[in-house]
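Worksheet: one structure, shown below.
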Amino acid sequence: MLKSPSIRKKKCCICGRPVSPKRSRYCPICARFAFRMKARQFPPWVVKKIWEYVRKYGYVCYYTGMALDMNDPKSAFYCVFDHWAPHDLHKIVITSALINGMKSDLSEKEFWYYIRALAKFKRNHVPIRKRKPIFWDHHYALVEVEQALSATQAYPMAHTGICDLCGKHLQNKLFTYCSTCVKIVYRLRHEAKHLPLKTIEDTLNYIRKEGFVCFYTKMKLDMKDPASPWYCFLNHWRPGDMGKVVITSALINVMKGALTEDEFWYYILALADYKDKGKPIAKKRPVCWNRLANVERSQ
């Protein structure tokens, strides 16, 4: 039996794709997208603005112009919603899971500032000037100093009255580390229980040689304030690999996410070229990407 002309010619009110007979307004892709917005309970004016953007540009990233994956929630380029200003519901945009993770608690202006600053550092070794993100909301709990001090003494060493990491003179010669260094030692040996001893020692040797500076950017790290974007954080050089752990800032740890070092710098440079020169970003699938987007499911 032939379908009526009205059904054959019916198109999605958003993208213009053919609409199946069971759907009155949307194609399957737009229908799923509409459900996700409904499940997130976005205000009507926000939904209207998102639909206007999709009608005009299609399903492309607001920040980078990259085409978004609308089918695979495990993809780094899967379409997700992002608060243009962190925690502000007045403007929601669409972007990829990758860019959403890199932007995190940064405003758009802060995001592009750090992208450009990181690109200049990588290409020309220009030191990165710190700018505190106004919406930063990450907090990493500190270990109590007394608890850490007592715990690290379970590893006997020759006590010289000098900190084994930074070389500072200790007020109590019974201790091996100063109150600053003992925290990172405790985190390496107790919070990261599955790290091989060689990995721990390699990380400590880096600190002995370079001090508490970011492995990737050479920025000085904050050892006191766990709410700071530059708080010292342990990072797997290759995601999921226990063979090499480095120290970096909380901000860079969030931006790097599930990327390898090479992938991280590739996207930093590609994003900088896109912003400054309009050069399209060639997608490279992250080899260690294992994140599942928070997808709203229908009943």
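The values are calculated or read from the model by the stated rules, or taken from the named source; none is laboratory data. Since this is a predicted model, take the numbers as computed values, not measurements. Backbone-built Cβ (ideal geometry, glycine too); neighbour counts: all protein chains shown. What goes into the accessible areas is simple: the full protein's heavy atoms, side chains included, and nothing from ligands, DNA or RNA. Shrake-Rupley method; radii C 1.70, N 1.55, O 1.52, S 1.80 Å.
Tabulated data
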| read-out | value |
| --- | --- |
| Matching residues, region 21-47, being more than 28 Å from the chain's Cα centre (by Cα) and open to solvent by 60 Å² or more (accessible area, probe 1.4 Å) | 21, 22, 23, 24, 25, 44, 45 |
| Top-ranked residue of region 84-107 - restricted to ones that are without any contact (Cβ under 8 Å) to a residue 40 or more places away in the chain and touching a strand residue (DSSP E or B) at 6+ places or on another chain (Cβ under 6 Å), ranked as surrounded by the fewest Cβ atoms within 10 Å (Cβ to Cβ) | 84 |
| Check on residue 18, over 21 Å from residue 292 (Cα atoms), open to solvent by 60 Å² or more (accessible area, probe 1.4 Å) and at pLDDT below 95 | yes |
| Single residue of 184, 200, 207 found to be surrounded by 12 or more Cβ atoms within 10 Å (Cβ to Cβ), modelled with pLDDT of 85 or more, touching a helix residue (DSSP H, G or I) at 6+ places or on another chain (Cβ under 6 Å) and closer than 22 Å to residue 243 by Cα | 200 |
| Residue list for region 231-253, restricted to those being out of contact with any strand residue (DSSP E or B) (no Cβ under 7 Å at 6 or more places or on another chain) and modelled with pLDDT of 95 or more | 251, 252 |
| Residues located in region 65-105, provided they are among the β-branched types (Val, Ile, Thr) and outside any helix (DSSP H, G or I) | 80, 92, 93, 94, 95 |
| Output for region 210-261, where each listed residue is open to solvent by 20 Å² or more (accessible area, probe 1.4 Å), assigned to a strand (DSSP E or B) and either under 18 Å from residue 121 (Cα atoms) or small (Gly, Ala, Ser) (or both) | 213, 220 |
| Flag for residue 109 being charged (D, E, K, R), more than 24 Å from residue 56 (Cα to Cα) and not in a loop (DSSP other than H, G, I, E, B) | no |
| Residues of region 190-201 classified as assigned to a helix (DSSP H, G or I) and more than 25 Å from the chain's Cα centre (by Cα), total | 3 |
| Residue 110, sole failed condition from (1) more than 20 Å from residue 291 (Cβ to Cβ); (2) surrounded by fewer than 20 Cβ atoms within 10 Å (Cβ to Cβ) | (2) |
| Filter result for residue 53 (farther than 15 Å from residue 255 by Cα, free of Cβ contacts under 8 Å to residues at least 60 places away in the same chain and out of contact with any strand residue (DSSP E or B) (no Cβ under 8 Å at 6 or more places or on another chain)) | no |
| Residue check for residue 176: assigned to a loop (DSSP other than H, G, I, E, B) and at pLDDT 75 or above | yes |
| Subset of region 21-47 (residues that are farther than 21 Å from residue 69 by Cα and assigned to a loop (DSSP other than H, G, I, E, B)) | 21, 22, 23, 24, 25, 41, 42, 43 |
